[in-house]
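Below you'll find the structure, written out as structure tokens, and then a few comments.
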Amino acid sequence: MPSAPARLAAILLAYFLIYVVWGSTYYVIGVALREIPPFLLGAWRFSIAGAVLLLICALRGERIFAPQLLRCSAVSGVVLLFVDMAVIMLAQRYITSSLVAILASSTAIWIMLLDLPERRRSGYRPRAVAGILIGFIGVAALYAEQLLADSLAAGQGSRGILLLIAGCISWALGTLYAKYRSPGTETRNSFAGAGWQMIFAAGMFWLGAAAGGESLCPAALSPTAHLSLLYLIFAGSLLAYTAYIWLLSVRPAAEVATHAYVNPVVAILLGVTLGHEDVSLLQILGLIVILIGVLLVELHHPRSRT
């Protein structure tokens, strides 16, 4: 077992990865989608990342073909990775990106409601519940002006909203399944499980790409598209996603889910710095509210419990 300081450092690094690095992938995905079709982007990203992670696990002598590992990874990979990302892409045909961001942040609320083992073990104190709700309000404030400026697709907005809610529930269920049913928990098997989750999700993305008639010539891609894909593979999947799976084994799921509030903050900051977008007073207020909400949730689960 690692020492307490080393364990704390690992937890803080993992939170940095799912808060900041994972948040940056929203911007990078937008760049990659300019040249790479959406299902092929997911297929290439998760195929390569999953294969690399499984190779690393195999070289370290882990049992990567354990039947229980494969069964659990197949379920969580499809429900956690594929369904959520595919639904988000479909939902954006009917509703604005700002509404997508607001509804996607409700994942933390769904996890809090559906995490029955955690509720039975320690309950949810009013401060933690308030923190999650405040974070959601902060995300809404972050995108309020854009939401008011946009309009729903004629007559089909409710369809997009229902799709996205289904995707959020799917991510929440996949998260809880990975936390409580995946073998390995705090052992190295959790990383092999993450690798298989990516592989199974990639298989579904390949099927989606084939069904949609998507095609891609890698040689025709610009250096920017190649760099974006590499960043999503290594930073977004190999580092941030494996950090997310590991954190689920050592921290409460509702606390880990606060990334859903911080990721839009990082996306906004990158848009301002790299995309030269303007930031309004209401958006700054939203950032502050999100920070308050996340702090309330974090303080509800003291680090000393790890």
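Every read-out reported here was derived from the displayed coordinates using simple, explicitly stated rules and does not represent laboratory data. Here the structure is a predicted model, which means the values were calculated and not measured. With ideal geometry, Cβ positions are generated from the backbone for all residues, glycine too; neighbour counts draw on all protein chains shown.
Observations on the structure shown:
- Relative packing of peptides 12-24, 38-50 - highest average C-beta neighbours within 10 Å first: 38-50, 12-24
- Between the range 1-78 and the range 243-295, the Cα center-to-center distance that results, in Å: 19
- Label-point separation in nm, LEU114 to ILE288, each point 7 Å along Cα→Cβ: 3.5
- Computed over the range 17-144, the Cα gyration tensor eigenvalues convert (square root of 5λ each) into semi-axes of 29, 24, 13 Å, ordered from largest to smallest.
- Across all directions, the shadow cast by the convex hull of the range 1-71 built on its C-alpha atoms averages 7.0 square nanometres.
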